[in-house]
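**Q** Okay, handing you the structure first.
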Amino acid sequence: MPFGRRRNRIDRSLRERGVPPEPQQRVRDIPETTGPWDEADAPDDGVNRIDLGAIRLPALPGMDLRVELNQQQKVIGATLRHGGSLLQVAAFAAPRVTGIWDDVRAELARTASGQGASLREVEGPFGIELAGTVVAALPPQPGQPAAQPVRRPARFLGVDGPRWFLRGLLSGSAAEDGEAEAAALETAFQGIVVVRGNEPMPVREPLPLTLPAQAAAQLAAQQVAQQAAQQQAAQRRAVQQQAQPPADGPAPDAG
């Protein structure tokens, strides 16, 4: 007798006697991964990671971290530099069931094509990625007119996780023929841990980033020192204004 039919007969007999069936627990199918990681699956690999809130970046030798701040001093981006290559990383909220990398790839390719660049799908270490060129603006030079945008080599990496999407942009030598630098930055990308959190968020909204504790303390100290310097400068200006004689004061006595 097949096991399934026997089990159904036992369940029906229990229901007829008023015995509730055993609760059925659904186990979510989680594909095996070697990274990037979700917080729930983070490996105990002994690697030191820089805590940026929603992203924990592995601190690997030979790499420098640069964070981008907006006017409100909030972190809006993180970039790893290794030699002549850069890896920009960002994490976004994603649906619970389906990923968004397929749609994001198509949009990135269309945008690049509309700007006169080109991105094509290739197989990479994290699945399908985009490789080719993107249009980038050159930094302004003092006293010089704005330079025309240029095309630069680039690779877009993407990984769909549980309710999050992680994107990486490789530029510089790692996007061309710098195999050693590319391998090092791919290792860093692979070691990222994403902290999604439980709060509901709109799909594609960037996951919040924060400064590491030490950097946040240094930034706070700099802000305090800057405010104190501004206050001292304002007080000096006020004193100087009080010391100046009125412009319409009495004329000196000629007698």
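Every number in this text was worked out from the coordinates using simple rules, so none of it is lab data. Quick caveat: nothing in here was measured; it's all calculated off a predicted structure. Note: ideal-geometry Cβ built from the backbone for every residue, glycine included; neighbour counts use all protein chains shown.
**Q** Check which residues have an amide H placed less than 5 Å from GLY77's amide H, if you skip close sequence neighbours.
**A** Under 5 Å from the amide H of GLY77: GLU68.
**Q** Shifting gears a bit: Can you list residues whose amide H is under 5 Å from ALA90's amide H, if they're 5+ apart or on another chain and H is modeled 1.01 Å from N?
**A** Those lying under 5 Å, H to H, from ALA90 are ARG167.
**Q** Would you order ILE55, ILE76, ILE50 from fewest to most other beta-carbon atoms within 10 Å of each residue's own beta-carbon?
**A** Numbers: ILE55 24, ILE76 13, ILE50 17.
Ordered by Cβ neighbours within 10 Å, fewest first: ILE76, ILE50, ILE55.
**Q** Still on this structure, I have one more. FRET efficiency for GLN232 and ALA137, Cβ-Cβ distance as r, R0 = 35 Å, nearest 0.05? Provide the component values of the computation, followed by the final result.
**A** Values: r = 38 Å, r/R0 = 1.08.
Result of the calculation: an efficiency of 0.40.
**Q** Report the paramagnetic label zone for GLN148: residues of region 99-126 whose backbone N is under 17 Å from a point 7 Å from Cα along the Cα-to-Cβ axis.
**A** Counting only backbone N, you get 115-118.
**Q** Right, something else. Pulled fully out, how much extra length does the chain show between GLN72 and ARG96, if you take 0.36 nm times their separation in residues and subtract their Cα-Cα distance? Mind dumping the intermediate values first?
**A** Numbers: separation 24, 0.36 × 24 = 8.64 nm, distance 3.11 nm.
Result: 5.5 nm gained on full extension.
**Q** What list of ³J(HN,Hα) values in whole Hz, one per residue of region 103-113 in order, does the Karplus curve 6.51 cos²θ - 1.76 cosθ + 1.60 (θ = phi - 60°) give from phi, with Gly and Pro shown as x?
**A** Computed from phi, the couplings for region 103-113 are 5, 5, 4, 4, 5, 4, 5, 5, 4, 4, 5 Hz.
**Q** Tell me which residues come under 5 Å, amide H to amide H, from LEU157 once H is placed; ignore anything under 5 positions away on its chain.
**A** Amide H to amide H, under 5 Å and 5 or more residues apart or across chains, LEU157 pairs with GLY168, LEU169, LEU170.
**Q** Let me ask something else. Would you kindly state how much longer the chain becomes between ASP103 and ARG204 on full extension, computed as 0.36 nm times their sequence separation minus their alpha carbon distance, in nm to one decimal? Kindly include the intermediate steps, with their values, before the conclusion.
**A** Values: separation 101, 0.36 × 101 = 36.36 nm, distance 1.11 nm.
Taking 0.36 nm per residue and subtracting the Cα distance, the gain is 35.2 nm.
**Q** Need the full-extension length gain, VAL122 to ASP64, defined as separation in residues times 0.36 nm minus the C-alpha distance. One decimal, nm. Present the calculation step by step, with values, prior to reporting the outcome.
**A** On the way: separation 58, 0.36 × 58 = 20.88 nm, distance 2.80 nm.
The span from VAL122 to ASP64 would gain 18.1 nm if fully extended.
**Q** I want to check the label-to-label distance for ALA213 and THR34. Put each point 7 Å from Cα in the C-beta direction and report it in nm to one decimal.
**A** My value for the distance between the label points is 3.4 nm.
**Q** When the Karplus curve 6.51 cos²θ - 1.76 cosθ + 1.60 is applied with θ = phi - 60°, which whole-Hz ³J(HN,Hα) does each residue of region 230-237 get, with x for Gly and Pro?
**A** 5, 5, 5, 5, 5, 5, 5, 5
**Q** So, one more: When you count, for each residue, the other Cβ atoms within 10 Å and take the mean per peptide, how do 115-123, 144-152 rank with the highest first? Could the numbers behind the result be given before it?
**A** Working: 115-123: 13.8, 144-152: 10.9.
The most tightly packed comes first, giving 115-123, 144-152.
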